[in-house]
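Data block below; observations after.
The values are calculated or read from the model by the stated rules, or taken from the named source; none is laboratory data. Here the structure is a predicted model, which means the values were calculated and not measured. Neighbour counts run over all protein chains shown; Cβ positions are idealised from the backbone, glycine included.
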Amino acid sequence: MVEHDFDFVSDWKVDNWLVDKLADEILQAAIFALTAFFRGGGKVGKRAVEQRYSSVLAALILQFGKCHGLASSGQHEPLRALLTAFQAFCECVGDLEMGKILARDSEQNEKWINLIGDLAGCISMKRPKEVQNMCKIFTKSLNLQENVQREAAAAALSEFVHYSSGFSSILEEMVEVLCRHVSDESPTVRCLCLRGLVKIPSVHIYQYTTQVLGVILALLDDLDESVQLTAVSCLLMILETSPKDAVEPILLNLSVRLRNLQISMNAKMRADAFAAFGALSNYGIGAHKDAFLEQIHATLPRLILHLHDDDLPVRHACRNTLKRFAPLMEIEGLLALFNSHSINSDHRSDYEDFVRDFTRQFVQHLSSRVDTYMVSTIQAFDAPWPIIQANAIYVSSSILSLSDDQNILALYYAQVFGTLVGKMSRSADAVVRARSSSAFGLLLKSTNSISWRATRLDRADSARKGS
């Protein structure tokens with residue numbers, strides 16, 4: 001009788017019978033019956049549980065996702081009952097460590113996905129022989145109908161893949177399934193599958209690197225911000241060990257997508273996008289150097305502006321990226337500047353010192369790029385962050401105060417000057433008003449101010465004579 005009852009419970013989730021066919025009331029009754037079985041099955045029951053350990057635990061984990069889904073819609077009893085059943089299972093088989101992990105859960109816990117990952121890690125350490133069977137179950141479970149079930153399966157599988165070095169045959173199937181489900185309708189499943197792909201054991205990762213990078217490249221354009229953020233963070237991880245032949249074919253595509261994410265309102269996204277762009281510098285050499293150098297110059301104005309971002313991790317990412325770019329730019333004095341005290345300081349005065357030193361180097365060695373840099377910087381006058389507006393105002397004024405290119409002065413001096421006057425009087429942000437005033441003084445003190453006014457007077461005089 002005990003064996004018969006256990007077969008029913010063990011098959012309940014693997015065969016998808018309970019979830020797809022029965023009402024939630026019967027689900028709860030089945031969980032109560034399962035709890036009683038774990039607690040009262042005696043030696044025969046314990047032996048039966050041990051023999052079916054992987055299938056029963058997989059069933060509980062998948063049910064964990066469903067019950068949390070019900071709890072989020074106000075039905076809390078199934079989750080309470082399942083947690084009791086899960087604890088009874090841990091006591092039955094002597095998995096005390098797993099019981100401690102479960103004790104952290106509650107009806108309000110919004111991180112149940114992380115808890116499943118912790119359970120999978122615990123199983124991998126305590127019962128490594130069960131991992132292969134559980135991987136097979138969860139690989140199939142990614143095809144289940146409900147989002148929460150697939151999320152539970154993906155959470156477990158993304159952690160188990162880290163411990164799969166001993167069975168390469170099932171690893172290949174897991175990678176195939178994870179790659180397929182990065183297009184799942186659930187953003188959570190997409191994120192978890194991608195996280196699993198970058199956890200492939202180091203002894204196997206090289207054969208899958210190109211495939212994983214292709215997935216990351218696609219998800220950098222995902223419509224869901226959480227997926228994009230996961231893709232950027234995973235890119236940072238895999239670039240640490242990626243061979244050149246895997247990265248070089250998509251180097252420019254990665255660069256363009258990362259540049260698009262550097263203006264995200266999400267500070268974590270900005271920081272990771274800047275950091276990942278810096279990590280690409282390891283591959284921007286040889287035949288790809290000139291093309292990647294163009295990508296550097298396309299993003300350099302933004303790096304300078306966000307070097308004094310409101311968010312400290314963004315600042316640190318910009319500093320480190322600038323330091324990685326310096327050798328590729330091959331400009332005398334730039335390497336020392338990008339490692340100076342002023343770039344490493346968080347004080348505003350040090351930042352402005354750095355800007356003046358940088359623009360001096362820039363105007364001297366990269367005069368042909370002043371026009372495009374000015375365009376990029378002026379666009380940031382309307383950035384959604386007041387601090388970046390202020391930085392853009394100061395950088396553009398610094399460039400104009402040092403440039404002796406009359407075409408540049410004619411194109412931008414009046415525009416920047418007018419913007420400063422407007423920002424000083426009308427901006428609602430103190431930092432913008434203050435920096436506009438400082439930049440205004442910078443322009444007035446420069447010799448270019450006299451040159452610009454003389455040019456304007458000459459043009460006005462010519463216009464009057466012509467009329």
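Structure values in brief
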read-out: Which listed residue, of GLU248, GLU185, is part of a helix (DSSP H, G or I) and acidic (Asp, Glu); value: GLU248
read-out: Odd one out for VAL212, checked against (1) closer than 24 Å to PRO243 by Cα; (2) in contact (Cβ under 8 Å) with a residue 24 or more places away in the chain; (3) surrounded by fewer than 16 Cβ atoms within 10 Å (Cβ to Cβ); value: (3)
read-out: Failed criterion for ASP371 (all others in (1) free of Cβ contacts under 8 Å to residues at least 24 places away in the same chain; (2) surrounded by fewer than 16 Cβ atoms within 10 Å (Cβ to Cβ); (3) in a helix (DSSP H, G or I) hold); value: (1)
read-out: Count - residues of the range 189-222 that are within 14 Å of the chain's Cα centre (by Cα) and modelled with pLDDT under 95; value: 0
read-out: Unmet criterion (only one of (1) surrounded by 20 or more Cβ atoms within 10 Å (Cβ to Cβ); (2) modelled with pLDDT under 80) for PHE37; value: (2)
read-out: Qualifying positions in the range 412-435 - crowded, with 16+ Cβ neighbours inside 10 Å and not small (Gly, Ala, Ser); value: TYR412, TYR413, VAL416, PHE417, THR419, LEU420, LYS423, MET424, VAL431, VAL432, ARG433, ARG435
read-out: The one condition in (1) of a type outside the set (Gly, Ala, Ser); (2) more than 26 Å from PHE381 (Cβ to Cβ); (3) buried (at least 16 other Cβ atoms within 10 Å of the Cβ) that PRO243 fails to fulfil; value: (3)
read-out: Residue in the range 207-223 that is part of a loop (DSSP other than H, G, I, E, B) and more than 23 Å from LEU252 (Cα to Cα) present; value: no
read-out: Whichever residue in the range 144-187 is of a type in the set (S, T, N, Q) and free of Cβ contacts under 8 Å to residues at least 60 places away in the same chain and, among such residues, is surrounded by the most Cβ atoms within 10 Å (Cβ to Cβ); value: SER158
read-out: Residues within the range 169-195 that are of a type outside the set (D, E, K, R) and farther than 19 Å from ALA231 by Cβ, tallied; value: 4
read-out: Unique match (being touching a residue at least 24 places away in the same chain (Cβ under 8 Å), in contact with a Phe, Trp or Tyr (Cβ under 6 Å, 6 or more places away or on another chain) and assigned to a helix (DSSP H, G or I)) among ALA390, ALA434, ALA439; value: ALA439
read-out: Unique residue being among the hydroxyl-bearing types (Ser, Thr, Tyr), surrounded by fewer than 21 Cβ atoms within 10 Å (Cβ to Cβ) and under 31 Å from the mean Cα position of the chain (by Cα) when the list is SER55, SER141, SER73; value: SER73
read-out: Any hit, the range 73-88, residues being among the hydroxyl-bearing types (Ser, Thr, Tyr), out of contact with any Asp or Glu (no Cβ under 7 Å at 6 or more places or on another chain) and not in a helix (DSSP H, G or I); value: yes
read-out: Number of the condition not met by VAL256 [criteria: (1) surrounded by fewer than 16 Cβ atoms within 10 Å (Cβ to Cβ); (2) at pLDDT below 95; (3) outside any loop (DSSP other than H, G, I, E, B); (4) not aromatic (Phe, Trp, Tyr)]; value: (2)
